[in-house]
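The values are calculated or read from the model by the stated rules, or taken from the named source; none is laboratory data. All figures in this text were calculated on a predicted structure; none of them were measured in a lab. Cβ coordinates were reconstructed from backbone atoms using ideal geometry, including for glycine residues, and neighbour counts include every protein chain displayed. For accessibility, only protein heavy atoms count, side chains too; no ligands or nucleic acids. Shrake-Rupley method; radii C 1.70, N 1.55, O 1.52, S 1.80 Å.
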Amino acid sequence: MRTDIFARLDREPEPPKIEIPRMSRHRIALFGGTLAFYLAIVVAVLVSSWLVALDWKVMLFRPYQQWPGLHAFLDYYVVLGQRGPTAVMVASWLGWRSWRQHTLRPLLTLGASLLLLNVTVGAVKLGLGRLGPHYATQIGSAELYAGGDIFPSGHTANAVVTWGILAYLATTPRARRYLSALSAFVSLGVGLTTVYIGTHWLSDVLLGWVAGLLILLALPWFEPLITRTEVWVLSVREQWRARRRLRATAPVAGGGPTPVLLPQSLSVLGTEHAEGCDSAPDAPPAGGHTGTGTRARAHPVHGVRSERTPITPAGSRRPPHADRTLRGGTTPAHPVTGGSVAP
């Protein structure tokens, strides 16, 4: 048994028993409070309240001009919120976990969360059509319904969901605490970075944090669907493997000789002929030609025509050759038929 640190990288012998999160009362209450906060932010932007005024103050402050030395680093840091790179990184980790634990749940949970993110956040983005700070046209305006897609922040919501799914799928309380702190730090940093660069309003980032948290809180409602999907995928995989095994063994089964059904008379005649050849081997007749027996064995037995009645010969199993005269006029030492020799 391996005791080094690399033993934890080996595949587990059987799927572990992982407790799936349930929608408890505490979680439902937290989901309801977060949803109320989400709606409050949307209403505050719709009515151009103090939150929109704060957006303009931060935008006119221009943080990227106040601290220009951070710009080079934050240009790379903000990639942790982009959907493509983060999805590849997290999917690679969860794919290894799926292989190690003999389950598709980590990958299916990631797929379900990203699908919910695209549907919910994308619908609000297109519905409100808010323009970003770089494209604003009127100071103090909320810039809504102008054909934009900036509210809520997709970078921020994606960072919350993508890195938060690691904490959601953690198998121990200790790992869940550490991963929750890591995902919160990354998502907060990504959101503030978009404000620093000037690609999002502050209210965009606030709504992005809340939107991502809502998706993580709602995931237990989709656990039964994830379980049914996993069972279906595994059953399809087993059917595909069974078809491959059947296709691999089909040429071996069909490549052998095919038996031919013969009439009973032909099978009996062929059997008696074989027995006669085994019991009475050819012997050259006295004074005769030594190749007679060889020629007789060289000729195959011809089947009996269907209009003739098969006759089983009596005595010796070799067919008579009464019409054949031996060379020299000598009489063979042994009769060729089972009857008496004619004088």
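Here region 129-138 is the region considered, the condition is being free of Cβ contacts under 8 Å to residues at least 24 places away in the same chain and more than 17 Å from LYS57 (Cβ to Cβ), and the residue that is least open to solvent (accessible area, probe 1.4 Å) is GLY129.
Within region 98-117, which residues are over 15 Å from GLU230 (Cα atoms) and surrounded by 13 or more Cβ atoms within 10 Å (Cβ to Cβ)?
Within region 98-117, the subset over 15 Å from GLU230 (Cα atoms) is 100, 113-117.
Scanning region 98-117 gives ARG100, SER113, LEU114, LEU116, LEU117.
Would a scan of region 106-126 turn up a residue that is in contact (Cβ under 8 Å) with a residue 60 or more places away in the chain, within 27 Å of LEU35 (Cα to Cα) and in contact with a Ser or Thr (Cβ under 7 Å, 6 or more places away or on another chain)? Lay out the reasoning, then the answer.
Looking only at region 106-126, we keep the residues that are in contact (Cβ under 8 Å) with a residue 60 or more places away in the chain, and these are 106, 108-109, 112-113, 116-117, 120-121, 124.
Narrowing the set further to residues that are within 27 Å of LEU35 (Cα to Cα) leaves 106, 108-109, 112-113, 116-117, 120-121, 124.
In the following step, the residues that additionally are in contact with a Ser or Thr (Cβ under 7 Å, 6 or more places away or on another chain) were identified as 106, 108.
Yes - at least one qualifying residue is present in region 106-126.
Restrict the check to region 185-200 and report whether at least one residue is modelled with pLDDT under 95, in contact with a Pro (Cβ under 6 Å, 6 or more places away or on another chain) and outside any helix (DSSP H, G or I). Yes, because at least one residue in region 185-200 is modelled with pLDDT under 95, in contact with a Pro (Cβ under 6 Å, 6 or more places away or on another chain) and outside any helix (DSSP H, G or I). Restricting attention to region 139-181, the residues being buried (at least 21 other Cβ atoms within 10 Å of the Cβ), part of a loop (DSSP other than H, G, I, E, B) and small (Gly, Ala, Ser) number 2.
Out of the residues in region 56-111 that are outside any helix (DSSP H, G or I) and under 41 Å from the mean Cα position of the chain (by Cα), state the one that is nearest to ASN158 (Cα to Cα).
Filtering region 56-111 for residues outside any helix (DSSP H, G or I) gives 62, 67, 82, 102-104.
Retained after the next criterion (residues that are under 41 Å from the mean Cα position of the chain (by Cα)): 82, 102-104.
Values: GLN82: 7, HIS102: 27, THR103: 24, LEU104: 22 Å.
Among those that are outside any helix (DSSP H, G or I) and under 41 Å from the mean Cα position of the chain (by Cα), it is GLN82.
Residues in region 154-172 include none that are in contact with a His (Cβ under 6 Å, 6 or more places away or on another chain) and farther than 24 Å from SER98 by Cβ.
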